Structures are given as structure tokens and as C-alpha cells.
């Protein structure tokens, strides 16, 4: 009887301690990329030059590298009609079925959703808890009008955390305050 109960609870625990969390339903992980592909993606995402993207990501395109990279994006709900996303630009280690994040090179809030774009003033804290898990906190206000500027970069390894501040200039027409904690699993 004791073995049956232990087996039952072991199986039951698989359902409660699964590695798939609610945040993961809104997470998109890209295919593996080269340094050049990641820089191209970042330049396209933020409408900047390849040189600017390379500088912001800290990638030297003139060096040969066998490093692999991925983007990971997770959607957050501000309101039912506005769901921006947080994008993490990561250096990864991949071999066969193993994959892990070595560093988060940059993180951004993609403020466009369904043709709607808002400005953001606040902070984004990111912690690469383990090679397969990112913890984040977004805390601030969204506005209908103005401009958003990112101050501070982000280049963290496993077990490290950092905050970036996003400042709103000439903002008006307050839309919504948001405080959201989440985890992204890779």
C-alpha cells in the first residue's frame, strides 16, 4: 500500500511541477541564429542600422565565431486590447538536444500590438536565474503619446540580474500602470 501511495504522489507531482508554466503559453523562441542573423533581426526589429545593432548587442561581426544566438519573446497583458511583449536577445550554448542561455545580451519592450503602440516609462528587471530560466519584472506606466528611450544596457550571465530604465519624454494621456512578474523557460 505504501508503494502505491508513493507512486501515486510521484505521478501526481509531475502534473503540479511540470516545467510548462502559464507564462510559457505566450512565449516564442526563435530558431538558432548566427551572430550576423541576430544583428540583422535586431536591426529589423528596431529600424536601426546593422552597425548600431551590432554595437548595442556587443557583437563584433568581423570576428569569426561559432556562437549561437536566439531571441525569446513573451507577451504581457496590460489590458485585453493591448498586449505588448518583452524580447530577450540571447547567446546560447547548443549541442544535440541540450540548449541553454549563456548570456542575455539585450532586452527590449516591443510596444506595438495589433497596430497600436504605446509609450512606456518605468523599469524592466531581468535575472538569468539558470541556463533555462529568465525571471523578469516590468514596473511602470504606459501612455498614448510621447517617446520612449532606453537608458542602460543589459549584458548578464547565469545567476546575474540587472535593471534597465525606460524613460518617457513628452508623455501624456496616461493609459495604464503595469506591474508584472514572470518567468520565461527555454
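General remarks:
- Distance (nanometres) between label positions extended 7 Å along Cα→Cβ at residue 155 and residue 130: 2.7 nm
- Estimated FRET transfer efficiency (residue 50, residue 177; beta-carbon r; R0 30 Å; 0.05): 0.25
- Descending by average beta-carbon neighbour count within 10 Å, the peptides 137-144, 59-66, 95-102 line up as 137-144, 95-102, 59-66, the highest first.
- Whole-angstrom gap from region 129-149 to region 23-101, using each part's C-alpha centre: 15 Å
- Label-to-label distance, nm, for residues given as residue 112 and residue 31 (7 Å Cα→Cβ offset): 2.2 nm
- Take each peptide in 106-114, 155-163, count the other Cβ atoms within 10 Å of every residue, and average; sorted highest first, the result is 106-114, 155-163.
- The label point for residue 67 and the one for residue 97, both projected 7 Å from the Cα toward the Cβ, are 2.8 nm apart.
Throughout, read-outs are computed from the coordinates displayed, never taken from laboratory work. Note that this is a predicted model, so its numbers are computed, not measured. When we count neighbours, we look across all protein chains shown, and the Cβ atoms used for this are built from the backbone with ideal geometry, even at glycine.
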